[in-house]
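The values are calculated or read from the model by the stated rules, or taken from the named source; none is laboratory data. Note that the structure is predicted; figures quoted are calculated from it, not measured. Reconstructed Cβ throughout: ideal geometry from the backbone, glycine too, with neighbour counts over all protein chains shown. What goes into the accessible areas is simple: the full protein's heavy atoms, side chains included, and nothing from ligands, DNA or RNA. Shrake-Rupley method; radii C 1.70, N 1.55, O 1.52, S 1.80 Å.
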Amino acid sequence: MDEQKIARLSSWVQEAKRLVFFGGAGVSTESGIPDFRGVDGLYSQQFDDPPETILSHTFYMRHPEVFFDFYRRRMLYPDAEPNIAHRRLAQWEREGKLLAVITQNIDGLHQKAGSRCVYELHGSVYRNTCTRCGAAYTLEAFLKLGNVPVCPACGGRVKPDVVLYEEPLDPKTVEGAVDAIRRADLLIVAGTSLTVYPAAAFLDEYPGNRLVLINRTPTPLDGLAALTLNEGLGDVFARL
């Protein structure tokens, strides 16, 4: 651990008044939720079809039984608890120094830790909607609607509010996230390989000179950062 870098980051956090945090799957791995591209991630495991195929809109429409079986077994972690990164971010928000959390995760752990201004770019497993009548279901209710979840009110299929491959991001969520980045005086990007677009392109909207990248492995955008830390997120946040 580079103590000089930690000291600089700690100083920047203390000085920040509009801190924005942009996080990926690596934020939740220390809560026991596997990432996608890591050594033990979903993309490293063997399935009859690649995970990126199963998690596509086309596959969801054509093979709902397989999709929902995979989704229940591999995408839902309702017993996971927030880790130190989630808790520290919620604390900074309460203290008035954090403007927003932008996340690529769908696990709801930021809200579970107490964060209130969270832009969920890829949706949330805790919201589920009937595609026919629009009825809303909690995760608990969703899990009781059958192997291929059917709305009791109208018989329509209930879809998780999760952005699948081939589907666009929600425009209002994108607008809020980009606006927060443009207003940030400190942007911390962590736990993401920065290879998923358009989310990775959001960093282009940051006008400041305090961009911090925290990831166990280098990212394609490390050269743009004022500070890079190739460390575990929990190790870094434990020192802030």
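Taking interchain pairs and intrachain pairs at least six residues apart, which have beta carbon atoms under 6 angstrom, with the first residue in the stretch 183-196 and at pLDDT below 95 and the second of a type in the set (D, E, K, R) and open to solvent by 10 Å² or more (accessible area, probe 1.4 Å)?
193/37
Provide a single number: the residues in the stretch 60-101 that are surrounded by 13 or more Cβ atoms within 10 Å (Cβ to Cβ), free of Cβ contacts under 8 Å to residues at least 40 places away in the same chain and in contact with a Gly (Cβ under 9 Å, 6 or more places away or on another chain).
The qualifying residues number 4.
For residue 178, are the conditions met, namely being in a helix (DSSP H, G or I), within 18 Å of the chain's Cα centre (by Cα) and either within 29 Å of residue 136 (Cβ to Cβ) or small (Gly, Ala, Ser) (or both)?
yes
Here is a list: 240, 194. Which entry is in a loop (DSSP other than H, G, I, E, B) and either of a type in the set (Val, Ile, Thr) or open to solvent by less than 10 Å² (accessible area, probe 1.4 Å) (or both)?
Only one candidate qualifies: 194.
Hey, could you check the stretch 197-206 for residues that are part of a loop (DSSP other than H, G, I, E, B) and either modelled with pLDDT under 95 or under 14 Å from residue 121 (Cα atoms) (or both) and say which is most open to solvent (accessible area, probe 1.4 Å)?
So, considering only residues that are part of a loop (DSSP other than H, G, I, E, B) and either modelled with pLDDT under 95 or under 14 Å from residue 121 (Cα atoms) (or both), the one most open to solvent (accessible area, probe 1.4 Å) is 197.
Checking residue 127 against (1) open to solvent by 40 Å² or more (accessible area, probe 1.4 Å); (2) within 21 Å of residue 14 (Cα to Cα); (3) in contact with a strand residue (DSSP E or B) (Cβ under 7 Å, 6 or more places away or on another chain): exactly one of these is not met. Which one?
(2)
Please determine, by comparing only the residues of the stretch 207-231 that are of a type in the set (S, T, N, Q) and more than 20 Å from residue 7 (Cβ to Cβ), which one is surrounded by the fewest Cβ atoms within 10 Å (Cβ to Cβ).
217
Taking residue 158 as meeting all but one of (1) surrounded by fewer than 16 Cβ atoms within 10 Å (Cβ to Cβ); (2) modelled with pLDDT of 95 or more; (3) of a type outside the set (Ser, Thr, Tyr), write down the number of the exception.
In the conditions (1) surrounded by fewer than 16 Cβ atoms within 10 Å (Cβ to Cβ); (2) modelled with pLDDT of 95 or more; (3) of a type outside the set (Ser, Thr, Tyr), residue 158 misses (1) alone.
Determine whether residue 210 is within 26 Å of residue 83 (Cβ to Cβ), basic (Lys, Arg) and either modelled with pLDDT of 95 or more or over 14 Å from the mean Cα position of the chain (by Cα) (or both).
yes
Going by the structure shown, is residue 189 open to solvent by less than 50 Å² (accessible area, probe 1.4 Å) and assigned to a helix (DSSP H, G or I)?
no
Among the residues of the stretch 137-147, which ones are loosely packed, with under 14 Cβ neighbours inside 10 Å and either assigned to a helix (DSSP H, G or I) or under 25 Å from the mean Cα position of the chain (by Cα) (or both)?
Of everything in the stretch 137-147, those that are loosely packed, with under 14 Cβ neighbours inside 10 Å and either assigned to a helix (DSSP H, G or I) or under 25 Å from the mean Cα position of the chain (by Cα) (or both) turn out to be 138, 140.
Just give me the residues in the stretch 111-125 being assigned to a strand (DSSP E or B) and in contact (Cβ under 8 Å) with a residue 24 or more places away in the chain, in sequence order.
119, 120, 123, 124, 125
Under 7 Å by Cβ, and 6 or more places apart or on different chains, what pairs join a residue from the stretch 145-172 that is touching a residue at least 24 places away in the same chain (Cβ under 8 Å) and farther than 23 Å from residue 52 by Cα with one that is part of a loop (DSSP other than H, G, I, E, B) and not aliphatic (A, V, I, L, M)?
Matching pairs, first to second residue: 154/132; 154/133; 156/131; 156/132; 156/133.
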